[in-house]
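Just so it is clear, none of the values below were taken in a lab; they were calculated from the coordinates. What you see is a predicted model; the values in this text were computed from it and never measured. Heads up, the Cβs are rebuilt from the backbone with ideal geometry, glycines too, and the neighbour counts pull from every protein chain shown.
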Amino acid sequence: MSKSEKYIETCDKYLLHTYNRYQIVLERGEGVYLYDADQKKYLDFAAGIAVFALGYGNKDFNEAVKRQIDSVIHTSNLYYNEPAAAASENFCRISGMDRVFFTNSGTEAIEGAVKSARKYAFTEDGSADHEIIAFEHSFHGRSMGALEVTGNAHYREAFGPWTGSVKYAEYNDLESVKALISEKTCAIILETVQGEGGIYPAKPEFIKGIRKLCDEKGILMILDEIQCGMGRTGHMFAYEAYGVKPDIMTSAKALGCGIPAGAFAMTEKTAEKALKPGDHGSTYGGNPLACAAVNEVIRQFEERDIVSHVKALTPVLEGALDELASKHSHILERRGSGFMQALELDIPASEVIAGAQAEGLLIISAGAKVLRLVPPLIIEEEDIDNMKNILDKVFKSI
Ligand code: PLP
């Protein structure tokens, strides 16, 4: 039995079976490459599901985290600490928001965003029967509040009963949103680019239309930037491209680059009527270790101008994928934004993913027939070329 087979057997015996895992045991990383327990090398175009933006074995990042471990890891939010001070200022600067709450994950950030919207509406009219408009095919997380605003019904099916206060509109269809608005609507929540639902960027007129509707009707606009934010689309946050600003936004994934960290943030005007002492909390959320990671991530984003790098290389990545699409009839469409790209197929994505793994390339899916490419944001032209050549070979063999 190989080392990998041994680990797989143990995990399959003791871990709760909530994932169908690929038969690969990853052991270490270097730049844009990962190595398995048997030392096979993989070019990584998955980045731990759009998390590891700055590359593996990043010395400055590792040192910053180690320094914080040696200083203090956790204190609770009953006291102030220096990394949290810096992280709050840094996050508000890069997001354009005024107030932030740090969480441990994306789903927890969504919980905070939804609670903030409900509390805001409660402060305004004293009632607790408000509605939220979410979208079909959206994904916002697995905890109960985040699950209720997740549009994919099959994620929710077994876990009811639900509050019934969430309505689902069609993404990129403003009329379907208008049809659901009532005097009880307190928020509209959407991903600026839908991720798990298949990589669908919002159309400019749709996002702008929602902003206008929200302004006219006094409804809060919540943008989920957990997957599409932190540079992935060639903007620090994807909403910048549309010239709109949400009232509340969420972040996670690349925010901590592997150290569990998320955030929900809002404008001062929203914060004034939202959460107050006693309304919300988290034992771990924004602890010194997580905030040290967030600070180093933001420092490197700014110093290395990661956003400009993504912007500059987006045409190269899109060009490579378009070339594949023009050569292989199993590819029906390329779509996406920046380094968040999809290839829609007429065959199961799992076939291509397995072929790519055999050739040393990690890619993932976003739906049964959609390949998702969310590489580390530091990839270079050479990596894109390598990815293209491997996928070319895989498609040829299918
Ligand atoms: N929101 C979006 C857009 C996501 O893509 C995800 C995770 O894939 C989440 C929320 C949930 O984040 P987490 O898995 O960190 O709870």
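Points 7 angstrom from Cα along the Cβ direction at residue 62 and residue 124: gap in nanometres? Result for the modelled spin labels: 5.0 nm.
When 291, 228, 92, 186 are sorted by how many other C-beta atoms sit within 10 angstrom of their C-beta, beginning with the fewest, the order is 92, 186, 291, 228.
Which residues make up the longest stretch of the chain that has no GluC sites (Glu not before Pro) in a DSSP loop with at most 16 other Cβ atoms within 10 Å? Numbers along the way, then the final one.
Working: sites that count: 136, 170, 183, 359, 380.
Answer - 184-358.
Shown for 236, 266: other C-beta atoms within 10 Å of each C-beta, ranked fewest to most, produce the order 236, 266.
Please report the net charge: other residues with Cβ closer than 9 Å to the Cβ of residue 296, K and R +1, D and E -1. Provide the component values of the computation, followed by the final result.
Numbers: positive: 299; negative: 60, 63.
Neighbour charge sum, excluding residue 296 itself: -1.
Is it possible to state the helix-based mean residue ellipticity at 222 nm for the chain, with each DSSP H run of 4+ residues giving -39500 (n - 2.57), the sum divided by total residues, to the nearest 500 deg cm²/dmol? What is it?
Details: 14 runs with 162 residues, N = 398.
The helix contribution divided over the chain gives -12500 deg cm²/dmol.
The lysines whose alpha-carbon is closer than 27 Å to the alpha-carbon of residue 66, local same-chain residues fewer than 8 away aside, are 41, 253. The amide H of residue 365, built 1.01 Å from its N in the peptide plane, has 372 as neighbours under 5 Å, considering only residues 5 or more places off or on other chains.
In the structure shown, the pairs 208/327; 212/311; 115/217; 245/311; 167/311; 40/396 are assessed against 31 Å; a Cα-Cα span above that value is assigned to 208/327; 167/311.
Anisotropy class assigned to segment 337-398 is oblate, per the alpha carbon gyration tensor with a/c at or over the 1.5 cut-off and a/b no larger than b/c.
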